[in-house]
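Participant: Attaching a single structure in structure tokens format; questions to follow.
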Amino acid sequence: MQSFLEFLAHGLFHFSIWQIVLFTLAATHITIAGTTLYLHRSQTHRGVDFHPAVAHFFRFWLWLTSGMKTREWVAVHRKHHAKCEREGDPHSPAVYGVMRVFLRGADLYRVEASMASTLERYGRGTPDDWLERNVYTPHSTWGILIMLVIDLLAFGALGLTVWAVQMAWIPFWAAGVVNGLGHFVGYRNFSSPDASTNLSPLGLVIGGEELHNNHHAHATSAKFSSKWYEFDLGWMYIRILQALGLAKVRRVAPKRVLRDRTQAGLAADLRTLEAVQTHRYDVMRRFGALLKQTALRELRERRKVDARATLKWRRSVLRKFLLRQEALLSEPQRSQLDSALSGMEQLQRLVDMRQALARLWESSSASSDQLLQQLRAWLTQASGSGITGLTRFARDLSRYA
């Protein structure tokens, strides 16, 4: 009995509490790395390929520590991108509410992963070897039970707590924090047609998944950081594996290239059109800054004619809805925005110009030549608008190459 109690207290190896904490942090971090590198960047979006040994290590480790099936994870995430913030999105705060996604994101994931139609349509191209068919997919619970035994043997009764932390790590950080808070709070580098945000400029805890808005802007990029002050730990791991010949980067977000300022007056060509379409979310973010400046100026001018309550209401509506993607606004919200824009001529004109600019990449039937003519017409109209900020914006846009 004494030996048994000794085992429960210390396990087989008598690790100290700090050694157990370090093991738990290291093990959960490897799980995070496997999720962001293997499941997300490689299997789902094909931004990077790993050496078979590395890929299988991640697959085996995720089987041990989470029981996640590659095909299910990939299918659910691809559907999230395809239906983002709309009916059919498996875990959008815009559809389910942020608290439900944050607290019960794992449940939403399981419901979607159980749908055969989702797996058939969005789960193609994932591993289908003997191990996947005979071990990892049909016996996904074996791995986490083996992990439980390992934790209990190594740490005694405290191993149950270690195992519980391992099992909760991905549901909390990925399903809750990234899928929930990553579409609700934070900052945005790109005006992508969704509510995605960057939770932090330092992608350390979740391996770079904190840079969620950057990812939605360039979904197939293996690198999530965009600004000089952002750090993507997952990208650092990829670069290390690449240097060792264990990874091959297939795609990264393209960098913006501008013509010389002396060429800004040249007519837009097909390269300009392609560049504007490629960097459309950055273009719209820059246009958003122009909208903000114009809104502040016109609100100051409205003080002369608006009652204080009316001015306060305008300011509140514009702050909430002016920069939000039109597709994310409900009919009552659009109506409020239209009312708030009443009498603000320059701002209303800029909103109309923003919608016209967005048609350059929203049209699915127009040819390249037709879209180029639309771009040239837009630049001509913007340059002759008499609005200083819009004229400057058009001049800068014509430099895209």
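Participant: Show the residue pairs that are 6+ apart or on different chains and have beta-carbon atoms under 6 Å apart, the first residue being within region 338-366 and in contact (Cβ under 8 Å) with a residue 24 or more places away in the chain, the second being among the β-branched types (Val, Ile, Thr) and surrounded by 13 or more Cβ atoms within 10 Å (Cβ to Cβ).
Facilitator: Ala340/Val317; Gln346/Thr294; Gln346/Ile387; Leu347/Thr294; Leu350/Thr294
Participant: Also: Limited to region 195-227, what total is found for residues that are closer than 20 Å to His29 by Cβ and surrounded by fewer than 20 Cβ atoms within 10 Å (Cβ to Cβ)?
Facilitator: 5
Participant: Can you tell me which residues in region 45-69 are more than 17 Å from Pro138 (Cα to Cα) and either among the polar types (S, T, N, Q) or open to solvent by less than 30 Å² (accessible area, probe 1.4 Å) (or both)?
Facilitator: Those that are more than 17 Å from Pro138 (Cα to Cα) and either among the polar types (S, T, N, Q) or open to solvent by less than 30 Å² (accessible area, probe 1.4 Å) (or both): His45, Gly47, Val48, Phe50, Val54, Ala55, Phe58.
Participant: Looking at region 313-337, which of its residues are open to solvent by 70 Å² or more (accessible area, probe 1.4 Å), without any contact (Cβ under 8 Å) to a residue 12 or more places away in the chain and not basic (Lys, Arg)?
Facilitator: Residues satisfying the conditions are Glu331, Pro332.
Participant: Say we look at region 70-88 and pick out the residues that are among the small types (Gly, Ala, Ser) and farther than 17 Å from Val98 by Cα; which of these is surrounded by the fewest Cβ atoms within 10 Å (Cβ to Cβ)?
Facilitator: Per the stated criteria, the residue is Ala82.
Participant: Checking Pro254 against (1) touching a helix residue (DSSP H, G or I) at 6+ places or on another chain (Cβ under 7 Å); (2) surrounded by 15 or more Cβ atoms within 10 Å (Cβ to Cβ); (3) within 27 Å of Tyr400 (Cα to Cα); (4) not aliphatic (A, V, I, L, M): exactly one of these is not met. Which one?
Facilitator: (2)
Participant: Another question, if that's okay. Of the residues that sit in region 47-101 and are touching a residue at least 60 places away in the same chain (Cβ under 8 Å), β-branched (Val, Ile, Thr) and part of a helix (DSSP H, G or I), which one is farthest from Trp169 (Cα to Cα)?
Facilitator: Looking at residues that are touching a residue at least 60 places away in the same chain (Cβ under 8 Å), β-branched (Val, Ile, Thr) and part of a helix (DSSP H, G or I), I get Val54.
Participant: Assuming Ala268 fulfils every condition listed in (1) modelled with pLDDT of 95 or more; (2) open to solvent by less than 10 Å² (accessible area, probe 1.4 Å); (3) small (Gly, Ala, Ser) apart from one, which condition is it?
Facilitator: Among (1) modelled with pLDDT of 95 or more; (2) open to solvent by less than 10 Å² (accessible area, probe 1.4 Å); (3) small (Gly, Ala, Ser), Ala268 violates only (1).
Participant: Also, quick follow-up: Return the residues of region 75-95 that are in contact with a Leu (Cβ under 7 Å, 6 or more places away or on another chain) and of a type outside the set (Gly, Ala, Ser); say none if nothing qualifies.
Facilitator: Selection gives Glu85, Pro90, His91.
Participant: Additional query: Exactly one condition in (1) at pLDDT 95 or above; (2) more than 30 Å from His14 (Cα to Cα) is false for Gly143; which is it?
Facilitator: Against the list (1) at pLDDT 95 or above; (2) more than 30 Å from His14 (Cα to Cα), Gly143 comes up short only on (2).
Participant: Has region 3-14 got at least one residue that is open to solvent by 20 Å² or more (accessible area, probe 1.4 Å), touching a residue at least 60 places away in the same chain (Cβ under 8 Å), under 28 Å from Leu108 (Cα atoms) and assigned to a helix (DSSP H, G or I)?
Facilitator: So far as region 3-14 goes, no, none of its residues is open to solvent by 20 Å² or more (accessible area, probe 1.4 Å), touching a residue at least 60 places away in the same chain (Cβ under 8 Å), under 28 Å from Leu108 (Cα atoms) and assigned to a helix (DSSP H, G or I).
Participant: Output yes when any residue across region 91-106 is surrounded by 15 or more Cβ atoms within 10 Å (Cβ to Cβ), within 30 Å of Gln242 (Cα to Cα) and within 18 Å of the chain's Cα centre (by Cα), and no when none is.
Facilitator: Looking through region 91-106, none of the residues is surrounded by 15 or more Cβ atoms within 10 Å (Cβ to Cβ), within 30 Å of Gln242 (Cα to Cα) and within 18 Å of the chain's Cα centre (by Cα).
Participant: What's the number of the condition Glu230 fails, among (1) charged (D, E, K, R); (2) without any contact (Cβ under 8 Å) to a residue 40 or more places away in the chain; (3) under 15 Å from Thr35 (Cβ atoms)?
Facilitator: Status for Glu230: all satisfied but (3).
The rows are residues; the columns are (1) of a type outside the set (S, T, N, Q); (2) farther than 21 Å from Ser192 by Cβ.
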position	(1), (2)
Met284	yes, no
Thr294	no, yes
Ala309	yes, yes
Arg314	yes, yes
Lys320	yes, no
Ser339	no, yes
Arg349	yes, yes
Trp361	yes, no
Ala366	yes, yes
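Participant: So, Glu274, is that one at pLDDT 90 or above, assigned to a helix (DSSP H, G or I) and farther than 25 Å from Leu360 by Cβ or not? Let's see the steps before the verdict.
Facilitator: Numbers: at pLDDT 90 or above: yes; assigned to a helix (DSSP H, G or I): yes; farther than 25 Å from Leu360 by Cβ: no.
Judged against the criteria, Glu274 is not a match.
The values are calculated or read from the model by the stated rules, or taken from the named source; none is laboratory data. These numbers were taken from a predicted model, which means no experiment stands behind them. Positions of Cβ are backbone-derived with ideal geometry, glycine not excepted, and every protein chain shown enters the neighbour counts. Accessible surface is based on the protein model in full, side chains and every heavy atom, while ligands, DNA and RNA are left aside. Shrake-Rupley method; radii C 1.70, N 1.55, O 1.52, S 1.80 Å.
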